[in-house]
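The values are calculated or read from the model by the stated rules, or taken from the named source; none is laboratory data. The structure presented is a predicted model; accordingly, all values stated were derived computationally and were not measured. No Cβ is skipped: glycine too gets one built from the backbone with ideal geometry, and neighbour counts run over all protein chains shown. Side chains included, ligands, DNA and RNA excluded: accessible areas come from the protein's heavy atoms. Shrake-Rupley method; radii C 1.70, N 1.55, O 1.52, S 1.80 Å.
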Amino acid sequence: MATATRNRPRRLDRRTRSARAEGLDGRTALLEAAMDVFAERGYRDASVDEIAERAGYSKGAIYFHFSGKDDLFFALLEERIDRPMREAIKLLESAPPEDDMALEADRYFLELVSGQRELLLLDHEYRSQAIRDSRLRARYVNREAKLRSALAKGLQIRLKHLGAPPVAAPEQVATALLSLAFGLAQEKLIQPDAVPDELLGDMFALIYAGHVARARR
């Protein structure tokens, strides 16, 4: 095993000489530049060359950290949307029964809409292209499957903490809740007054109450 590790080819560092000399990782700078270029150009028209130039790196630096434009986009989704969502799900799993998690859903929702407006727009654009392009769709579907699975697990744990009956198809419920959250986020970008800040939490509470009522029939 040790021999195989020693013989493994080292990853080529394609950063510019100045970036290496300054000891800069560059990943964060590249993501910030990607976000700016995506916001200005849209996902389809953004180029790796422009992103690298905006960040002050060579194009090779992008390929040191990422496999390409697609990878940059998904890294932004992971860091700015998916990771905070998984943190919220962990809180759902660990919060005491008396905590009102509808308020936590509202907090995440408001942070998402106010802090990630451009990324939500890009996500909508990418999703529209992924519907038509099977190559783009495969990675997007995989990302959604992971979020759905995490939320389904979190919901079952929360229901157990509350002493409520489990849902028969947790991943289907998770799909509906994720679609509701992201759908309301898109709607709030278009019509802010049509989506009150507490609407998502209220809808989650109603869904929970409906689940309990149906289970007790």
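Computed quantities for the displayed model
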{"read-out": "Folded to 0 to 90 degrees: helix 170-190 orientation relative to the chain principal axis, Cα", "value": "70"}
{"read-out": "Listed residues A75, A168, A61, most fluctuating in the chain (Gaussian network, C-alpha, under 10 Å)", "value": "A168"}
{"read-out": "Of all accessible heavy-atom area on the stretch 58-133, the percent that carbon and sulfur account for (1.4 Å)", "value": "53"}
{"read-out": "Environment charge at E171 (Cβ cut-off 14 Å; Lys +1, Arg +1, Asp -1, Glu -1)", "value": "+2"}
{"read-out": "Cβ-defined net charge surrounding A194, 9 Å radius [Lys, Arg +1; Asp, Glu -1]", "value": "-1"}
{"read-out": "Lys/Arg +1, Asp/Glu -1 at C-beta; the stretch 75-148 dipole; positive extreme among S114, A130, I89", "value": "A130"}
{"read-out": "Euclidean distance between Cα centres, the stretch 149-217 to the stretch 76-101, Å", "value": "13"}
{"read-out": "Percentage of interatomic Cα-Cα distances in the chain larger than 25 Å", "value": "51"}
{"read-out": "Positive-end residue of S179, L200, L162, charge dipole of the stretch 160-217 with Cβ unit charges", "value": "L162"}
{"read-out": "Estimated [θ] at 222 nm from DSSP helical runs (n ≥ 4, -39500 (n - 2.57)) normalised by residues in the chain, nearest 500", "value": "-24000 deg cm²/dmol"}
{"read-out": "For the chain: accessible area per residue (Å², 1.4 Å)", "value": "59"}
{"read-out": "Packing-based order for 190-201, 131-142, using average beta carbon neighbours within 10 Å, highest first", "value": "190-201, 131-142"}
{"read-out": "Summed residue charge, Cβ within 12 Å of P84's Cβ, Lys/Arg positive, Asp/Glu negative", "value": "-1"}
{"read-out": "23 Å Cα cut-off, lysine pairs counted over the chain (separation 8 or more, or different chains)", "value": "6"}
